[in-house]
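Peer 1: Mind looking over this structure? Questions follow.
The values are calculated or read from the model by the stated rules, or taken from the named source; none is laboratory data. As the structure is a prediction and not an experimental result, all values here were calculated from the model. Note that we place each Cβ from the backbone using ideal geometry, even for glycine, and neighbour counts take in every protein chain shown. Ligands, DNA and RNA are excluded from the accessible area calculation, which covers all protein heavy atoms including side chains. Shrake-Rupley method; radii C 1.70, N 1.55, O 1.52, S 1.80 Å.
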Amino acid sequence: MGEIEIQVGDITKLAVDAIVNAANQRMLGGGGVDGAIHRAAGRQLVEACKQVDEVRPGVRCPTGQARITPGFNLPAKFVIHTVGPVWSGGGRGEAERLAGCYQNALQLAAEHELTTIAFPAISTGVYRYPKDQAAEIAVLTTRKWLKYHSLPQRVIFCCFSEADADFYHNQST
Ligand code: APR
């Protein structure tokens, strides 16, 4: 079964097969980790995102789904863009959609035969998802995926602070 690792650092520095971007539905960049990834990847990334078909006007990646592009200037080979739910109290299917982000990103990684993938803490910044609940969904969804699939072999949760990493450590005990 694949292994889970918890790291603290800047996801744009990781030389892995794919890093996951906490994007928005337009997939044309933004702030937070989305901004950092686009800055590090260079302008070719937004051009590649523009090639992703819109499923409806202004929406290239619906919430909970995932799309893959090359990583360009990043040390990572690919970027898997996913769109987390905006937290609105927990009564509007946020947990299922967040689980879908992890599930669909892992599915894309497996389809592309990638062995190592790194996730940021999707939805826990601008989208205000409670960090403890988001970490639980991330770890449980990933564990379940790895139990039944041989790829990816290594999943890194790349947290931007030690405090954020503690939410993941608390899950894996
Ligand atoms: N490396 C790793 N993690 C990072 C980095 C980085 N370089 N920069 C930010 N983070 C962390 C944040 O600290 C947070 O824990 O990524 C997590 C996700 O926060 P956001 O980037 O704000 O993403 P999210 O909450 O999913 O909101 C997505 O924000 O930037 C816009 O275009 C984006 O509209 C979308 C929305």
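Peer 1: State the answer as a single residue: which of THR115, TYR102, GLY31 lies farthest towards the positive end of the charge dipole of the chain, with beta carbon charges of +1 for Lys and Arg and -1 for Asp and Glu, about the Cα centre.
Peer 2: The one lying farthest along the dipole's positive direction is GLY31.
Peer 1: If you don't mind, another one. Could you tell me the relative contact order of the stretch 16-60? Use alpha-carbon pairs under 8 Å, at least six residues apart, and round to a whole percent.
Peer 2: 40 percent
Peer 1: Which of rounded, prolate or oblate describes the stretch 1-131 when judged by the alpha-carbon gyration tensor and an a/c cut-off of 1.5?
Peer 2: Verdict is rounded for the stretch 1-131.
Peer 1: Separate question: Any idea how far apart ALA95 and THR115 come out in nm if each label point goes 7 Å out from Cα toward Cβ?
Peer 2: If labels sit at ALA95 and THR115, their model points lie 3.6 nm apart.
Peer 1: A further question on this structure: For the modelled label position 7 Å from the Cα of SER150 along Cα-to-Cβ, which residues of the stretch 93-124 have backbone nitrogen atoms closer than 16 Å?
Peer 2: Flagged as within label range: 110-116.
Peer 1: In percent, how large is the relative contact order of the stretch 90-145, given Cα pairs closer than 8 Å and 6 or more residues apart?
Peer 2: Reported as a whole number, the value is 48 percent.
Peer 1: What ranking of ILE156, ILE68 comes out by heavy-atom accessible area, probe 1.4 Å, highest first?
Peer 2: The ordering from most to least exposed comes out as ILE68, ILE156.
Peer 1: So if I place +1 on the C-beta of Lys and Arg and -1 on the C-beta of Asp and Glu, and nothing else carries charge, what would the dipole magnitude of the stretch 71-173 be about its Cα centre? I want it in debye, nearest 20.
Peer 2: Using only the charged Cβ atoms, the result is roughly 180 debye.
Peer 1: OK, next. Suppose accessible area is computed on protein heavy atoms with a 1.4 Å probe; arrange ASP10, ASP53, ASP164, ASP34 from highest to lowest.
Peer 2: Descending order: ASP53, ASP10, ASP164, ASP34.
Peer 1: Carbon and sulfur together cover what percent of the accessible area of the stretch 63-122 at a 1.4 Å probe radius?
Peer 2: Roughly 46 percent, rounded to a whole number.
Peer 1: How much accessible surface area, in Å² rounded to 10, belongs to the heavy atoms of LYS131 with a 1.4 Å probe?
Peer 2: 80 Å²
Peer 1: DSSP loop (so not H, G, I, E, B), at most 10 other Cβ within 10 Å: list which GluC sites (Glu not before Pro) in the stretch 65-168 pass both filters.
Peer 2: Passing sites in the stretch 65-168 are GLU113.
Peer 1: Sticking with this one: Which of the lysines could a cross-linker bridge to LYS144, judged by Cα under 22 Å and excluding same-chain residues fewer than eight apart?
Peer 2: Reachable lysines: LYS131.
Peer 1: Express in Å², to the nearest 10, the accessible area of LYS13 obtained by rolling a 1.4 Å probe over the protein heavy atoms while all chains stay in place.
Peer 2: So the heavy atoms of LYS13 present about 150 Å² to solvent.
Peer 1: Please report the equivalent ellipsoid semi-axes of the stretch 14-73, computed as sqrt(5 x eigenvalue) of the Cα gyration tensor, largest first, in whole Å.
Peer 2: Over the Cα atoms of the stretch 14-73, the semi-axes work out to 18, 12, 11 Å.
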